[in-house]
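Report on one structure; see the data block that follows.
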Amino acid sequence: MARRGGFPGGMGMPGNMNNLMKQAQKMQKQMEESQKALEEKEYTAAAGGGAVEVTVSGKKEVTKVKLSEEVVDPDDIEMLEDLIIAATNEALRKMEEDSSSVMSKLTGGLGNLPF
């Protein structure tokens, strides 16, 4: 009696699935290593011609704020606040850009998987 159903090619499929799983595990390990490396990096951006400098980690945490004396004006706190926001947002943008670039290099290999 002939077998019905199942995958064409009989026993060939389990080998392909095993290879696919190995590729997926390798990619997952690379992604975890890349994520850890990104979290350890720092990104710095300045605003106000360098009067305010903010550093963030790859974990999206502000790790350092550097202010020039001339930007600390008690009569214009709003300007200082705006410069801190601008520098922080730019540092976070740099971090996100780097993260996206690294991850797209890894996931770009998904097109090579035999689906």
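Where a number appears in this text, it was derived from the coordinates with a stated rule and is not lab data. Since this is a predicted model, take the numbers as computed values, not measurements. Here the Cβ positions follow ideal geometry from the backbone for every residue, glycine too, while neighbour counts run over all protein chains shown.
For the residue pairs Lys22/Lys94; Lys26/Lys66; Lys29/Lys94, the C-alpha atoms sit more than 31 angstrom apart in Lys22/Lys94; Lys26/Lys66.
Order of 59-65, 90-96 by packing, highest average Cβ count within 10 Å first?
Details: 59-65: 12.1, 90-96: 17.3.
Highest-to-lowest ranking by the protection proxy: 90-96, 59-65.
By other beta-carbon atoms within 10 Å, ranking Val54, Val71 with the fewest at the front produces Val71, Val54.
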